[in-house]
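One structure is given here, and the rest of the page talks about it.
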Amino acid sequence: MTAKLVLENLKHKPMRSLLSVFLIAVPVTLILCLVGLSHGMLADSARRARGIGADIIVRPPKTSMLTLSGAPISEKLVDAIQQKPHVALALGMIVHPVTSVTFVSGIDLAGFNQMSGGFKYLEGGPFLGLDDIIVDEYYAQQHKLHAGDQVTDILNHRWHVSGIAEGGKLARLAVPMRTLQDLTGNTGKVSQIFVKVDRPANIPAVLAELKTILPDYNIYTMEEFTSLLTVENVGGLSTFIDVMVGIGVVIGFAVVLLSMYMAVLQRTREIGILKALGASRWFILKIILAEAVVLGLGGTVVGIGLSFAARALIQLLYPASLTQAITPEWWPIAGAISLAGVLLGALYPGLSAAAQDPIEALAYE
């Protein structure tokens, strides 16, 4: 009986019902997209860090997990680390921001190839000159670049695209280290150091020695470093997501409150008839809440579908700038948030409907 009444009520005003579902889906999509972007971009950073092939990373003091500030490390330290026992290769690298999410890395290509196995080129090849640049496939797709093209919007310098490389190693953009050092005024300086150990069994010993001689530096194994690239370990990101979740609850609450309030006004005579036939307050309230739950579940399903559509659109338009992951573990969370919002929003209209006087409701025009 209750299910039939709920379905008939939703079918009676299909446009209102569909619009309510869509508006409830918006905060669900917002939550899933923000969480997906946070997880996706961190996972992409970890994947590219692992692609370098290093065993240990040495970063300057007071450095955040995602960004580096300048190039404060002398190249002499790279040479000193190279001389340590069991160190097969020490490689310095300078990193400079191009946008808030894109960085260019200055590398010694010969050393990088030795450590990582080298880039896999989809077009072109390695550096041939000091003004050459290698871009990964996602940056090339977003900016419509091909090997042989000229690029002028990176550090106000004219670059020649020598190669398009497969993604997953280093940064989106790689240039000769000396050129980037000169352009940024960091001659003889690097941003971080990658260390390759001769045997995996010697990694703990090398790590301990580096921490002893460089007590103020942030030194990790690559496994430790990539494991720290999570939402919980990035300052402020978890709080930002919590705020967005709160906004989603507020939006869901407001949408359902308005929708259900209008539904109650439109069905005043119907409610009066039900009460005249003996329907209890709880029965009326149950119908209103059940209708809200159906809208909330529908909005959740549509919101999950829209998150896939948003991911596809982001991959098409901004493959190098934004990486969104699909996070199924957040689907029930987003659904629970949606249902909490719609139940809160439907509570006042439901109580108002349950409290209506049947005589006045029957006389309502």
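The values are calculated or read from the model by the stated rules, or taken from the named source; none is laboratory data. In this text, all values refer to a predicted model and were calculated from it rather than measured experimentally. Please note: Cβ atoms are built from the backbone with ideal geometry, for glycine as well, and neighbour counts cover all protein chains shown. The accessibility values were calculated without ligands, DNA or RNA, using every heavy atom of the protein model including side chains. Shrake-Rupley method; radii C 1.70, N 1.55, O 1.52, S 1.80 Å.
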Lys169 vs. criteria open to solvent by 20 Å² or more (accessible area, probe 1.4 Å), touching a residue at least 60 places away in the same chain (Cβ under 8 Å), out of contact with any Cys (no Cβ under 7 Å at 6 or more places or on another chain) and in a strand (DSSP E or B): no
Residue in the range 150-159 that is out of contact with any Cys (no Cβ under 9 Å at 6 or more places or on another chain) and touching a residue at least 40 places away in the same chain (Cβ under 8 Å) present: yes
Residue, least open to solvent (accessible area, probe 1.4 Å), within the range 115-161, restricted to residues that are in a helix (DSSP H, G or I) and out of contact with any Lys or Arg (no Cβ under 8 Å at 6 or more places or on another chain): Ala140
Test: residue in the range 67-76 that is assigned to a strand (DSSP E or B), at pLDDT 85 or above, in contact with a helix residue (DSSP H, G or I) (Cβ under 8 Å, 6 or more places away or on another chain) and farther than 30 Å from Ser307 by Cβ: no
Residue match in the range 179-187 (condition: in contact with a helix residue (DSSP H, G or I) (Cβ under 8 Å, 6 or more places away or on another chain), closer than 14 Å to Ala71 by Cβ and among the β-branched types (Val, Ile, Thr)): yes
Tabulated pairs, the range 20-43, first in contact (Cβ under 8 Å) with a residue 60 or more places away in the chain and under 21 Å from Gly168 (Cα atoms), second of a type in the set (Ser, Thr, Tyr) and surrounded by fewer than 22 Cβ atoms within 10 Å (Cβ to Cβ), C-beta under 7 angstrom, 6+ apart or interchain: Gly36/Thr327; His39/Thr327; Leu42/Thr230
Some residue of the range 18-36 being within 30 Å of Val190 (Cα to Cα), open to solvent by less than 10 Å² (accessible area, probe 1.4 Å) and under 24 Å from the mean Cα position of the chain (by Cα): no
Evaluation of Trp330 against (1) modelled with pLDDT under 85; (2) within 21 Å of Val21 (Cβ to Cβ); (3) open to solvent by 40 Å² or more (accessible area, probe 1.4 Å) (one fails), failing number: (1)
